Amino acid sequence: MTLQHYLQFSDLTAEEYAWLFRRAAIIKQKFKAYEKYHPLADRTLAMIFEKASTRTRVSFEAGMYQLGGSVVHLTTGDTQLGRAEPIEDSAKVISRMVDLVMIRTFGQDKIERFAKHSRVPVINGLTNEFHPCQILADLFTFLEHRGANAQGQPDPALLKGKTVAWVGDGNNMANTWLQAAELLGFKVHVSTPTGYEVDQAVAGIRSGDSYKVFKDPMDACRGADLVTTDVWTSMGYEAENEERRKVFANWCVDTEMMAAARPDALFMHCLPAHRGEEVEAEVIDGPQSVVWDEAENRMHVQKALMEYLLLGRVG
Ligand code: CP
C-alpha cells in the first residue's frame, strides 16, 4: 500500500471522506452490538503526546484495542523527545517498531518533519494549526443528526449548501473547518475578536469562497445549521489567558445566538468546555447540543481512519 499520512483535513479527498463516514457508521454499529472486529490484530499504534488530552488519548487507545491492536503511549517528559533527540531520528526509530503513529504537538512543522522520516502512517492528533480528527468526528456527528442518503448512509454530499457558524478564536479548529468547507462544499461564517482572525495562508485554503467573516457573532449565527466554538485560550497560549478573557467576552455562544440560527441548528464544542466563557451552560447542556455524541464519535471515525490508513478499503 502507498504510505498515506493524515496531517491535515485536506490530505484526503471528498470521495475518501464519503468512504470513511460509511465505514465509521458500520464500525460504530459493530461496537454498539458488542460484535468483535479485529482487522488490526498484531498492529501497534504509538501515541506521542506533547500536550494534555482526555478525548484523543481515550478514543485512540480504546479504538485501537477494539480493532485488535495494541498501543504505546509516549510523552515528551518520559521519552528522549524531551531531551532534544532530533524529531527526524525519533521518527526513523519509532516507525521501525510500530505500524501507525498519532502525534499531538505544537507547531505543524514538527508533525510534518516526523512524517517525512516515518515508514508508517502518521495521524495529526492536534497541532497549533489543525485538528483534523476532531472535524472528522464533528462532520460525522452532523450527518448522523441531520441527514443520511436514501440508503441510510452518512453522505458528505448532503453538506453542500449548509452553513457552520464559528464563534471565537481563529485557531486550529477554525482553520480545519475552513479546509473542510473548501473540500466538501459548505460555508463557514466566522466571527472572531479583532486580532484573532483566521489567516487563509495558515488555514491552507485556496480561496475565500467557502467562508465569510462577521464582526458580530450574532450575525455569524443567523441562519446557521450548526453553531460551534472552542475555548478562548487554546493549549500553548496560556500566558495570554487574562488578556483573552477580556477580549473574547462578547464571543460566548448564548441562547440568543442559538435563536438566531435555524430552528433545527445543532451546537457543537470539541471539549473541554468552560461554561460561562465561550458557551453558556444553557446552550451546551441544552436540547440543541450534541457534544456527547461528538466526543464519542471521535473513537468511531478514528477507528475507520486507522483501518483505512493501514488496510485500505476493506469490508
Ligand atoms: N477535543 C479534544 O481533542 O479533546 P482532548 O484535548 O481531551 O483530547
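No lab work stands behind these numbers, since they all come straight from the coordinates. This is a predicted model, so every value here is computed, not measured. We place every Cβ from the backbone using ideal geometry, glycine too, and count neighbours over all the protein chains shown.
You can think of it this way: the chain between Y237 and T76 has 56.1 nm of extra reach, that is 0.36 nm per residue less the Cα-Cα gap.
What is the packing order of peptides 153-161, 215-223, 135-143, taking the mean over residues of other C-beta atoms within 10 Å and listing the highest first?
135-143, 215-223, 153-161
Remark: D225, D209 ranked as D209, D225, counting other beta-carbon atoms within 10 Å and listing the fewest first. Full extension of the chain between I26 and R113 yields a length gain of 27.9 nm, computed as 0.36 nm times the residue separation minus the alpha carbon distance.
Put simply, the amide H of A165, placed in the peptide plane, has neighbours under 5 Å in H189, D225, L226, V227, T228, leaving out anything fewer than 5 places away on its chain.
How big is the charge dipole of the stretch 209-296 about its Cα centre, in debye rounded to the nearest 20, if each Lys and Arg gets +1 on its Cβ and each Asp and Glu gets -1 on its Cβ?
280 debye
Taking amide H as placed 1.01 Å from N in the peptide plane, the amide H of R119 sits under 5 Å from that of S95, each at least 5 places away or on another chain. A simple spin-label model places pseudo-atoms 7 Å from Cα toward Cβ; at V202 and H38 they are separated by 4.5 nm.
Over the chain, DSSP H runs of length four or greater, each weighted -39,500 (n - 2.57), average out per residue to a 222 nm ellipticity of -12000 deg cm²/dmol. Can you tell me how the stretch 135-233 classifies by the Cα gyration tensor, rounded, prolate or oblate, using a/c under 1.5 as the rounded cut? It comes out prolate by the Cα gyration axes.
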